[in-house]
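The values are calculated or read from the model by the stated rules, or taken from the named source; none is laboratory data. Just so it is clear, the structure is predicted and the values come from calculations on it, not from any experiment. Positions of Cβ are generated from backbone atoms using ideal geometry, with glycine treated the same way; all protein chains shown enter the neighbour counts. Just the protein is used for accessible areas: all its heavy atoms, side chains included, with ligands, DNA and RNA removed. Shrake-Rupley method; radii C 1.70, N 1.55, O 1.52, S 1.80 Å.
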Amino acid sequence: MEKDMTSKKKHIQSGKDEVPTMKGIRGQVLTFKADPFFHDEKDCYDFYPDGLVAVRDGKILDVGHFEETIRKHPGLTVTDTYEDCVIMPGFVDCHLHYVQSPMIGSYGDTLLNWLNTYTFPTEAKFKDKSFADMTAKMFFRQILSQGTTTANVFATTFAESVDAFFEESERYGTRMISGKVLQDRNLPDQLRDRSAEESVMASESLMTKWHGRGRQMYAVVPRFAPTSTDAQLRLAGELYRSHLDEGVYMHTHLDEAENEIEWVASLFPEAMSYTDVYRRFGLLGPRSVMAHCCLMEEAEWQMLHDHGCGVAHCPSSNLFLGDGQFKFWEAKDPARPCRTGIGTD
Ligand code: GUN
Ligand code: ZN
């Protein structure tokens with residue numbers, strides 16, 4: 001194959017005046033197609049050393065060996081080559097907080113101290129729409145430069161933080177999931193929702209505005225059980241369930257640190273476990289995504305499995321804060337596997 005190391009991208013053929021609707025991307029192509037926990041590793045991916053991704057009107061039509069695939073699509077006239085690169089599907093980040101971009105790398109204290117010292121003061125700045133806009137711009141540039149094209153993302157209390165995020169995502173045409181963070185107790189006044197009812201109504205109006213608009217999708221987002229009153233969790237559960245059929249998500253944190261779990265037990269003495277708190281308020285279901293799940297009891301895994309929930313494992317965050325570590329073998333126990341993805345947090 002001809003090599004041109006000075007430019008990674010090169011048009012090798014182009015139609016004269018017509019606007020092409022078909023496009024090909026040539027290079028080493030790697031795609032994944034099965035879960036290596038349950039299938040032989042060699043059945044989990046396809047690798048084409050000289051591959052082609054055929055695209056029609058922005059949608060992938062075919063993927064395969066270059067020679068074979070180009071012959072199948074005579075209308076394919078324009079090809080970009082990335083011969084010294086690996087072409088892969090965009091990465092999906094199952095859990096992160098764009099509003100924490102300004103404090104990345106701050107000292108890795110224990111979770112609850114870290115929230116109070118660094119996280120809450122940073123998130124309070126997102127009431128200012130221009131600060132939120134500026135951070136959203138920086139965030140998208142950063143994740144796209146790293147290959148992430150879809151993500152499940154925490155904003156914060158303020159509608160401004162949600163609008164800034166989705167506006168920037170819409171500009172790029174990326175598929176993103178986000179929503180207003182519901183948090184009405186145990187956090188600083190500047191960040192605290194004043195009323196459970198109003199906070200969930202605000203979340204619903206943002207859902208109406210953004211869910212299904214282009215590629216944007218909405219999530220009902222109680223931060224974690226300790227920062228919501230019973231009333232807020234109940235209303236959040238009602239909102240999530242009443243929009244389940246429209247593909248709305250639920251996104252929260254679960255079982256990340258020992259003292260967090262003890263705190264939840266003291267705030268919700270009637271619940272059997274931390275996971276059971278979410279169950280009692282109707283927050284478990286398909287497209288419920290639980291971040292962390294480091295310190296889970298067997299009954300909690302079973303509950304997540306029974307409700308079809310997803311789990312977001314965030315390895316670098318867990319190593320950094322050091323409160324708990326995720327046990328992949330527990331999450332993927334073949335007797336009651338839980339759908340598990342990776343997040344950066
Ligand atoms: N639990 C509740 N809020 C947070 C957060 O912002 N980050 C992490 N890692 N855990 C949380
Ligand atoms: Zn998080």
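Which of the residues belonging to the range 266-286 are in a helix (DSSP H, G or I) and either open to solvent by 60 Å² or more (accessible area, probe 1.4 Å) or touching an Asp or Glu at 6+ places or on another chain (Cβ under 8 Å) (or both)? Of everything in the range 266-286, those that are in a helix (DSSP H, G or I) and either open to solvent by 60 Å² or more (accessible area, probe 1.4 Å) or touching an Asp or Glu at 6+ places or on another chain (Cβ under 8 Å) (or both) turn out to be Ser266, Tyr274, Thr275, Asp276, Arg279, Arg280. Restricting the range 211-238 to residues that are open to solvent by 10 Å² or more (accessible area, probe 1.4 Å) and assigned to a helix (DSSP H, G or I) leaves a set whose member that is farthest from Ala312 (Cα to Cα) is Ala231. Entry remark, the range 247-265: residues being open to solvent by 60 Å² or more (accessible area, probe 1.4 Å) and either within 13 Å of ligand 1 (Cβ to nearest atom) or of a type in the set (Val, Ile, Thr) (or both) number 2 in total.
Among His313, His307, which is at pLDDT 95 or above and touching a Cys at 6+ places or on another chain (Cβ under 9 Å)? Answer to the selection: His313. Can you confirm whether the range 171-182 contains a residue that is part of a strand (DSSP E or B) and β-branched (Val, Ile, Thr)? Yes: one or more hits. Among the residues of the range 144-160, the ones that are part of a helix (DSSP H, G or I) and either basic (Lys, Arg) or within 15 Å of ligand 2 (Cβ to nearest atom) (or both) come to 0 in all.
Comparison of Gln232, Gln216 shows that the only residue that is within 17 Å of the chain's Cα centre (by Cα) and polar (S, T, N, Q) is Gln216.
Pairs are defined by a Cβ separation below 6 Å, a sequence spacing of at least 6 or placement on different chains, a first member in the range 169-185 that is under 16 Å from Asp93 (Cα atoms), and a second member that is open to solvent by 10 Å² or more (accessible area, probe 1.4 Å) and of a type in the set (A, V, I, L, M, F, W, C); the pairs so defined are Ile177/Met217. On the basis of being open to solvent by 90 Å² or more (accessible area, probe 1.4 Å), out of contact with any helix residue (DSSP H, G or I) (no Cβ under 9 Å at 6 or more places or on another chain) and either modelled with pLDDT under 95 or outside any strand (DSSP E or B) (or both), does Thr77 make the cut? Criteria not met by Thr77. I want to confirm something. Restricting to the range 294-328 and keeping residues that are part of a helix (DSSP H, G or I) and surrounded by fewer than 14 Cβ atoms within 10 Å (Cβ to Cβ), which single residue is nearest to ligand 2 (Cβ to nearest atom)? Among those that are part of a helix (DSSP H, G or I) and surrounded by fewer than 14 Cβ atoms within 10 Å (Cβ to Cβ), it is Ser316. Where residues in the range 333-345 are away from ligand 2 (no atom under 16 Å from the Cβ) and open to solvent by less than 20 Å² (accessible area, probe 1.4 Å), which of them is nearest to Thr275 (Cα to Cα)? For the range 333-345, the residue satisfying everything is Cys338.
On the basis of being away from ligand 1 (no atom under 16 Å from the Cβ), touching a residue at least 12 places away in the same chain (Cβ under 8 Å) and open to solvent by 70 Å² or more (accessible area, probe 1.4 Å), does His65 make the cut? In short, yes. For the residues Phe126, Phe120, the requirement of being buried (at least 16 other Cβ atoms within 10 Å of the Cβ), at pLDDT 95 or above and touching a Pro at 6+ places or on another chain (Cβ under 6 Å) singles out Phe120.
Can you pull out every residue in the range 91-111 that is within 19 Å of Glu256 (Cα to Cα), within 12 Å of ligand 1 (Cβ to nearest atom) and under 15 Å from the mean Cα position of the chain (by Cα)? Result: His95, Leu96, His97, Gln100. Of all the listed residues (Val162, Val181), the sole one being open to solvent by less than 20 Å² (accessible area, probe 1.4 Å) and under 15 Å from Gln232 (Cα atoms) is Val181.
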